[in-house]
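Engineer: First, the structure itself, so that you have it in front of you.
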Amino acid sequence: MSTSSQALSDEDVAKVALLARLALSEAEIARMTGELSKIVGFVSMLGEVDTSSVAPLAHPLDTQNIFRDDLPTPSLTTAEALQAAPRHDGECFLVPAVLGESGAA
Amino acid sequence: MTAAPVYTTIIGLEVHVQLQTRTKLFCGCSTRFGAPPNTQVCPTCLGLPGSLPVMNRHAFELALRAALALDCRIAPFTKWDRKNYFYPDLPKGYQISQYDLPFSSDGQLEVVDPKGAFSRRVGIIRVHLEEDAGKSMHDEAAGTADTRIDLNRAGTPLCEIVTQPDLRSPQEARAWLNELKLLLVYLGVSDCNMQEGSLRVDANVNLHIPQPDGRVAKTPIVEIKNMNSFRSVERALAYEAVRQWEEWQATKVEMGKMPKQTRGWDDPAGITRPQRQKEESSDYRYFPEPDLVPVTVSDAQVAAIRAAMGDPPTVLRKGLEARWKISAYDADVLVNQGRDLVAYFEELATLVGEGKVASNWMQQDVLRTLNERGGTIGEFPVRPTAVADIIGRIAKGDFDTSRGREIFAEVLTSGRAVEEVVASLGIAAVSDDDLVALCRELLAANPKIVADVKGGKEQAAAGLIGQARKKNPNVNPGKFRQMCIDLIKGM
Amino acid sequence: MQLLELSAIDMVAALRQGDITAVQCATAFLDRIEATNGSINAFLAVDRAGALERAADIDARRRAGKPVGALAGLPVALKDVLCTADMPTTCASRMLAGFRPPYDADVVARLRAADAVFVGKTNMDEFAMGGSNENSAFGPVRNPWDLARAPGGSSGGSAACVAADMAPVAIGSDTGGSIRQPAGLCGITGLKPTYGRVSRRGLIAFASSLDQIGPMARGAADCALIMETIAGHDPGDATSLDVAVPRYTDLLDKPLAGVRIGRVPEHYAEGLDPEVAKGVEEAFAVLKAAGATIHEVRLPHAKYGIPTYYLIAPCEASSNLARYDGAHYGHRSSVGHRGSGKAGSAFESPLVEMYCRSRAEGFGPEVKRRVMLGTYALSAGYYDAYYAKALRVRRLIRQDYLDAFQSVDLIGGPVSATPAFKLGEKTDDPLAMYLVDLYTVGTNLAGVGGISFPCGFTKSGLPIGFQLQAPALGEPLLLQAADRFQRLTDWHRRRPRPTEARS
């Protein structure tokens, strides 16, 4: 991992911004590049730690096998579901037209 | 001598089946098909702020059942992961799925053509459990710039089944899908109804083309989407194989020289079309789902599910063939109709004491009329005891098979018992004395036939059957014919 | 004694005995809020009408002899990160301005059932990301001890509200210290329970494997009272522990004799303000005098806590905040919504444009930074070096705690390296701001519980906080020890002078 102040390039940041669906101006990208590079440089100190025989810990708990029964519970009404929708037609959420294919490859 | 194939079509399938639970994978909303938009939603499946998922136990059990039926290894420890991407039918901005530790892997399902045209063992790479997305609807006719989103389907439990690229023809692919559907329907895992979206298929296909120098050239793999029936799958694969062959001949582009292409099947036009390449390649940034805890599966649990599962179609077929000495074809026809019809058949065959006759009656009479009437075999008014009764009387000689069919039809429409119908049709066994008398009467009236038979043409006696039945419809044609021949011999 | 200065326990008793009515109580605090919120900005929403209606109903039921809940009439402030069906829930973000969830968080439902009276929603760092409450889209919160200083964050509003007597108790949330650090900087008591002790259902998620909801009040006894209501198993939260909830208030009055408290040398590196260090030593002395024994204990990976936290939390947050895209709720940009990929447009489709603009307009700079950091660290090629690496170090940090708790019952130390800093002092340097969580992130990474309470004041009159951490489900001991400390000292009873800027 790089420890220089520019761990990321403007291009890297622009790509990440698209992945994260954030519109950033050029000035914001430049600023973000500096800030993220610094933070990434800082967190890279974890490279000092020998974790070769350590498994990742995704949950602080050691619980397993938590389920619910296949029993129906009340749903929201359509009005409740659409209540906070920026645009809807009384039945469905409305978003700008999507052409053709589904989101996932 | 068969020529070496010009190319081999290599097909792998990715199948999504909706599990037959009452409620969604992570919440208690109904999974019923066809409800008005956004009436089966709650904070969890809407992805509202602060909402949390909790795993549906029955969904996991059905998934285990499917995986065991597909001969998969069950992982003793499994977990869920977030697959992150933005799309309006995915309200959380991520799908809860399984990435590196799916609950099952390394299985297989064989498809055998009952007519013997092919037999293919298809490996299964993995089966995992994930949630479905909602539905986006584009009403291009209305000319609006909007897409409508219905989240009723969001959160429905899905099993994703990924095969090895072991299939070698569109026909095999279609047959395999039918076998998969039959299996999953038999096990009560899913109703596999493509029209309702409870089964979806994407296919990966390319060609292996032997070269003059002994090398095998491989065309780039194409993923085909938007096939809405098993027939479409077959047609799409057939089209695509030819298209790739023609493209190969024109361009000689091999696999690895370009990224995997996705094409959509256009059923009315009968072609595949390239789908728009996304600007960014999909980086799903998988990481373990922190809101769900992992699941462990014990050997005892697996054994219990296996024990409660019931036999899959392959085992049922082989069992019927062995127990009742019927053909593979016959066993296939019966098993395809479902567990209840197989049970009906076995009850009938047990009563009759024999399988072939019972199987014939099933196919020619029971199934035919069942399909005409509609309804299930459980609702079918003629029960195995009645059919067995008819078959028994035929065997005794009370009447012949064609008479028996009439009786069956009458029992079906009238609802009356076999005994009653037999009596009302005036069917009674013809006594030997009456038969002899009838024979003598007709022989006397037909000297030419007597002469023919005496001359060696025994089959001429059959010409009298029609007259005999006119006089007495209960005459058993076979018995009558033999009687005539015997009498003539004695003359 | 002044109504506003009653402890929650005394207030509930007074209400029960009829010495005061719920309406009187609510009115007193609502008036106080009205008088002081302008200069402190602790509240984003105040529900005067709703609170008074609720209070009146409770009084009526009591008069009629009908049963009332365990907290009947107690005014409670809720951090605006908790879903309330009858009040807006904004997370101090433009993204959720005016958003009304159709349901109550589990904690909110429990408090409602106990007949608490919600006075309003408190200000916070946007989406719980921050250590100073300067990241709010609706203005910073000012520390009641010195209005030119930050109260800490992200539960700055909840901490300030209790410190300024705007409510006897407040509910906060803690992901890397967001209850304990502001409690320390505001001179009040705040408890982050063991992960899973309190349901997260209805808590707007920041980092799912780290977030916990907890009480903030003047004293540990009040925290114990609230914990009895809010803790407990929730089948709607798969990470919620199915363990009985102790009667925390009954367990308070226990001597500290025999309790072993660890002191961690790694905590006393440079950067720790000398007055804070002194306050912490004096706290150890009080605990020792009360019968506890102090032992040195190591947390060898403590210095890796911040980088570990600042990978895990942003990664989970980048995913948790993906739902805020303008499609189904929240802010949607009015720019580009009807666009059709006109020539020269930087976006591949109107939909992508809507996402990008809505999120850019809705999120503040710190949220954007963390979303970007998390997205980057999870992206292809970086997962193993960053996120997966952090998860492995997390296991080592947890093991440090497990090892330490073999020889001690509690770990004590500072909660913050400095007392309250000036507003604007750290806002130019994100990394400097991240370091304020130095003493608190380990607790969340290990999933154990921690409590902070005042142990002294600086010469300039700013509170100094002390933190105790316990093994998982060690809340009874945390509350006992803090309560015992508070019987022997009166730091927690001190109040800021009427609102003024001090320096």
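The values are calculated or read from the model by the stated rules, or taken from the named source; none is laboratory data. Here the structure is a predicted model, which is why all the values come from computation and not from measurement. Virtual Cβ from ideal backbone geometry, glycine too; neighbours counted across all protein chains shown. Side chains included, ligands, DNA and RNA excluded: accessible areas come from the protein's heavy atoms. Shrake-Rupley method; radii C 1.70, N 1.55, O 1.52, S 1.80 Å.
Engineer: Is any residue of the range B:168-189 close enough, with backbone N under 18 Å, to a label point placed 7 angstrom from the Cα of B:D113 along the Cα-Cβ axis, and if so, which?
Structural biologist: Counting backbone N atoms under 18 Å from the label point, the list is B:168-180.
Engineer: Evaluate E = 1/(1 + (r/R0)^6) for C:E34 and B:A145, where r is the Cβ-Cβ distance and R0 equals 56 Å; express this FRET efficiency to the nearest 0.05.
Structural biologist: 0.75
Engineer: Other chains near C:200-207: what is the mean number of their Cβ atoms within 10 Å of each residue's Cβ?
Structural biologist: Average per residue, whole number: 4.
Engineer: If you take all C-alpha pairs in the range B:363-465, what percent of them are over 21 Å apart?
Structural biologist: Above the 21 Å cut-off, the range B:363-465 has 51 percent of its Cα pairs.
Engineer: Quick one: grab the alpha carbon gyration tensor of chain C, order the square roots of its eigenvalues as a ≥ b ≥ c, and give me rounded if a/c is under 1.5, else prolate or oblate depending on whether a/b is larger than b/c.
Structural biologist: Judged from the Cα gyration tensor, chain C comes out oblate (a/c at least 1.5, b/c at or above a/b).
Engineer: To make sure I understand the rule: partners must be lysines, Cα under 19 Å from the Cα of B:K325, and not fewer than 8 residues away in the same chain. Which ones qualify?
Structural biologist: List returned: B:K115, B:K356.
Engineer: Separate question: Using only the Cα atoms of the range B:151-252, what are the Rg and Dmax in Å?
Structural biologist: Using the Cα atoms of the range B:151-252, the pair Rg, Dmax is 16.4, 56 Å.
Engineer: Then there's this: Taking the solvent-accessible surface of protein heavy atoms with a 1.4 Å probe, what is the per residue accessible area of chain C in Å²?
Structural biologist: Numbers: 15120 Å² over 503 residues.
I get 30 Å² per residue for this part.
Engineer: Next question, about the same structure. What value does the range B:311-424 have for Rg/Rh, both radii from Cα atoms and Rh as Kirkwood defines it?
Structural biologist: On the way: Rg = 13.8 Å, Rh = 14.3 Å.
Dividing the radius of gyration by the Kirkwood radius yields 0.97.
Engineer: Tell me, what ³J(HN,Hα) does each residue in the range C:108-122 have, in order and in whole Hz, if you take phi through Karplus 6.51 cos²θ - 1.76 cosθ + 1.60 with θ = phi - 60° and put x for Gly and Pro?
Structural biologist: 4, 4, 5, 5, 4, 5, 7, 6, 5, 10, 7, 8, x, 10, 8
Engineer: Pick out, from B:F399, B:A461, B:P384, the residue whose Cα sits farthest towards the positive end of the charge dipole of the range B:364-491, with +1 on the Cβ of Lys and Arg and -1 on the Cβ of Asp and Glu.
Structural biologist: Highest projection toward the positive end goes to B:A461.
Engineer: With r defined as the distance between the Cβ atoms of A:A79 and C:A97 and R0 fixed at 25 Å, what FRET efficiency is calculated, to the nearest 0.05?
Structural biologist: 0.75
Engineer: To continue, here is another question. Let me check against my output: what whole-number percent is the relative contact order of the range B:311-424, with C-alpha pairs under 8 Å and at least 6 apart? Don't skip to the end; give the middle numbers.
Structural biologist: Numbers: 87 pairs, mean separation 21.2, N = 114.
Taking the mean separation of contacting Cα pairs over the length of the range B:311-424, I get 19 percent.
Engineer: Would you work out what percent of the accessible area of the protein assembly as shown, with all protein chains in place, is carbon or sulfur (probe 1.4 Å)?
Structural biologist: 52
Engineer: Kindly identify the range C:371-503 as rounded, prolate or oblate by the Cα gyration tensor criterion: order the square roots of the eigenvalues as a ≥ b ≥ c, call it rounded if a/c is under 1.5, otherwise compare a/b with b/c, prolate if a/b is larger, else oblate.
Structural biologist: Verdict is oblate for the range C:371-503.
Engineer: Further, regarding this structure: Per residue of the range C:42-53, what does 6.51 cos²θ - 1.76 cosθ + 1.60 with θ = phi - 60° give for ³J(HN,Hα)? Whole Hz please, x for Gly and Pro, Karplus curve as stated.
Structural biologist: 6, 10, 9, 9, 10, 10, 4, 4, x, 5, 5, 4
Engineer: Here's something else I'd like to know. Between the range B:423-458 and the range C:148-185, how many Å separate their Cα centres?
Structural biologist: Between the Cα centre of the range B:423-458 and that of the range C:148-185, the gap is 111 Å.
Engineer: Along the charge dipole of chain C, pointing to its positive end and built from +1/-1 on Cβ of Lys, Arg, Asp and Glu, which listed residue (C:A313, C:I411, C:I40) has its Cα farthest out?
Structural biologist: Farthest towards the positive pole: C:A313.
Engineer: Tell me what chain A gives for mean residue ellipticity at 222 nm when only DSSP H runs of n ≥ 4 count, each as -39,500 (n - 2.57), the sum divided by the residue total, rounded to 500 deg cm²/dmol.
Structural biologist: Value at 222 nm, helices only: -9500 deg cm²/dmol.
Engineer: Using only protein heavy atoms and a 1.4 angstrom probe, determine the accessible area buried between A and C, summed over both sides, in Å² to the nearest 100. If you can, show how the numbers build up before the last one.
Structural biologist: Details: alone 9920 and 18900 Å², together 23580 Å².
Result for this pair: about 5200 Å² buried.
Engineer: In the protein assembly as shown, what % of DSSP beta bridges are antiparallel (nearest 5)?
Structural biologist: About 80 percent, rounded to the nearest 5.
Engineer: Report, as a whole number in µm² per second, the diffusion coefficient that Stokes-Einstein gives for the range C:214-311 at 37 °C and 0.692 mPa s using the Kirkwood radius over alpha carbon pairs.
Structural biologist: This corresponds to a translational diffusion coefficient of 194 µm²/s.
Engineer: Here's a follow-up. Which order, highest average first, do C:454-460, A:48-54 follow once you tally other Cβ atoms within 10 Å for each residue and take the mean per peptide? Numbers along the way, then the final one.
Structural biologist: Numbers: C:454-460: 19.1, A:48-54: 11.9.
Most protected by this proxy first, the peptides run C:454-460, A:48-54.
Engineer: Just checking the output field for A:45-53: average partner chain Cβ neighbours within 10 Å of each residue's Cβ?
Structural biologist: Details: counts 5, 11, 3, 4, 10, 2, 9, 1, 1.
Counting Cβ atoms of other protein chains within 10 Å of each residue's Cβ and averaging gives 5.
Engineer: Go ahead and run the numbers for FRET between C:R16 and C:D253, Cβ-Cβ distance against an R0 of 30 Å, rounding to 0.05.
Structural biologist: Details: r = 20 Å, r/R0 = 0.67.
Efficiency at R0 = 30 Å is approximately 0.90.
Engineer: A further question on this structure: Please give the calculated 222 nm ellipticity per residue for chain B, where each DSSP H segment of at least 4 residues contributes -39500 (n - 2.57) and the sum is spread over every residue; nearest 500 deg cm²/dmol? Before the final figure, lay out the partial values.
Structural biologist: Numbers: 17 runs with 191 residues, N = 491.
Mean residue ellipticity, 222 nm, calculated: -12000 deg cm²/dmol.
Engineer: In whole angstrom, note down how far apart the Cα centers of the range B:49-99 and the range A:42-60 are.
Structural biologist: Cα centroid of the range B:49-99 versus Cα centroid of the range A:42-60: 27 Å apart.
Engineer: Could I ask something else about it? Cut-off under 20 Å on the C-alpha distance; same-chain residues fewer than 8 positions from B:K489 excluded. Which lysines are left, in chain and number order?
Structural biologist: Qualifying lysines at Cα under 20 Å: B:K448, B:K454, B:K457, B:K479.
Engineer: State the percent of C-alpha pairs, over all pairs in the protein assembly as shown, separated by a distance greater than 46 angstrom.
Structural biologist: Looking at the protein assembly as shown, the distances longer than 46 Å represent 45 percent of pairs.
Engineer: Place the peptides B:131-138, C:380-387, C:179-186 in order of packing, highest mean first, counting for every residue the other Cβ atoms within 10 Å and averaging per peptide. Before the final figure, lay out the partial values.
Structural biologist: On the way: B:131-138: 20.2, C:380-387: 16.4, C:179-186: 34.8.
So the order, starting with the most tightly packed, is C:179-186, B:131-138, C:380-387.
Engineer: Express the C-alpha Rg of the range B:432-489 as a ratio against the empirical globular expectation 2.2 N^0.38 Å, rounded to two decimals.
Structural biologist: Taking N as the residue count of the range B:432-489, the ratio is 0.97.
Engineer: Oh, and also: Tell me which residues come under 5 Å, amide H to amide H, from C:R201 once H is placed; ignore anything under 5 positions away on its chain.
Structural biologist: Result for C:R201 returns C:D106.
Engineer: Oh, and also: With charges set only on the Cβ (+1 for Lys and Arg, -1 for Asp and Glu), what does the dipole of the range B:8-300 come to about its Cα centre, in debye to the nearest 20? Walk me through the intermediate numbers first.
Structural biologist: Details: 35 positive and 38 negative charges, 29 e Å.
Using Cβ point charges on Lys, Arg, Asp and Glu, the range B:8-300 gives about 140 debye.
Engineer: Roughly how many nanometres apart are two label points built 7 Å out from the Cα toward the Cβ at C:A380 and C:A56?
Structural biologist: 6.3
Engineer: Now a separate question. Output the Kirkwood hydrodynamic radius of chain B, Cα pairs only, in Å rounded to one decimal. Can you show the working numbers first?
Structural biologist: Numbers: mean 1/r = 0.0365 Å⁻¹.
This gives a value of 27.4 Å.
Engineer: To continue, here is another question. Which listed residue (C:L225, B:Q18, C:G461) has the Cα farthest towards the positive end of the charge dipole for the protein assembly as shown, taking +1 on Lys and Arg C-beta and -1 on Asp and Glu C-beta about the Cα centre?
Structural biologist: Toward the positive end, the furthest listed residue is B:Q18.
Engineer: Please compute how much accessible surface disappears when C pairs with B, both sides summed, using a 1.4 Å probe, and round it to the nearest 100 Å².
Structural biologist: Approximately 2900 Å² gets buried when C meets B.
Engineer: What is the average number of partner chain Cβ atoms found within 10 Å of a Cβ in B:295-305?
Structural biologist: The shielding value for this peptide is 1.
Engineer: When you take every Cα atom in the range B:204-304, what is the radius of gyration, and what is Dmax, the widest Cα pair distance, in Å?
Structural biologist: When restricted to the Cα atoms of the range B:204-304, Rg and Dmax are 19.7, 57 Å.
Engineer: If the cut-off is 16 Å between C-alpha atoms, which lysines fall inside it for B:K24, apart from same-chain ones fewer than 8 positions away?
Structural biologist: Excluding near neighbours in sequence, the set is B:K92, B:K135.
Engineer: Right, here's the next one. Quick one: give the max-minus-min coordinate of the C-alpha atoms of chain A along each principal axis, largest first, in Å.
Structural biologist: So the extents along the principal axes, rounded to whole Å, are 54, 44, 26.
Engineer: Based on the alpha-carbon gyration tensor of the range C:404-465 and its eigenvalue square roots a ≥ b ≥ c, which shape applies: rounded if a/c is under 1.5, prolate if not and a/b is larger than b/c, or oblate? Walk me through the numbers on the way to the answer.
Structural biologist: Working: a/c = 3.43, a/b = 1.43, b/c = 2.40.
Cα axes put the range C:404-465 in the oblate bin.
Engineer: Could you grab the relative contact order for chain C? Cα pairs under 8 Å, six or more apart, rounded to a whole percent.
Structural biologist: Details: 1216 pairs, mean separation 91.6, N = 503.
Relative contact order comes out at 18 percent.
Engineer: Here is a follow-up. Please list the non-local residues whose amide H lies under 5 Å from the amide H of B:G264, H modeled 1.01 Å from N, same-chain partners needing a gap of 5 or more.
Structural biologist: For B:G264, whose amide H was placed from the backbone, the distant partners under 5 Å are B:K225, B:R273, B:Q275.
Engineer: Continuing with this model, one more query. Relative contact order of chain A: what whole-number percent is it, with Cα pairs under 8 angstrom and at least 6 residues apart?
Structural biologist: Computed over chain A, the figure is 23 percent.
Engineer: Kindly provide the helix-only [θ] at 222 nm of chain C, computed as the sum of -39,500 (n - 2.57) over DSSP H runs of four or more divided by all residues, to the nearest 500 deg cm²/dmol?
Structural biologist: Rounded to the nearest 500, the figure is -11500 deg cm²/dmol.
Engineer: Full-extension gain between B:R383 and B:T251, please, as 0.36 nm times their residue separation minus the C-alpha to C-alpha distance.
Structural biologist: That pair, B:R383 and B:T251, stretches by 41.2 nm at full extension.
Engineer: Turning to a different aspect of this structure: Using modelled backbone amide H atoms (1.01 Å from N, in-plane), which distant-in-sequence or interchain residues come within less than 5 Å of C:G465's amide H?
Structural biologist: C:V415, C:S416, C:C455
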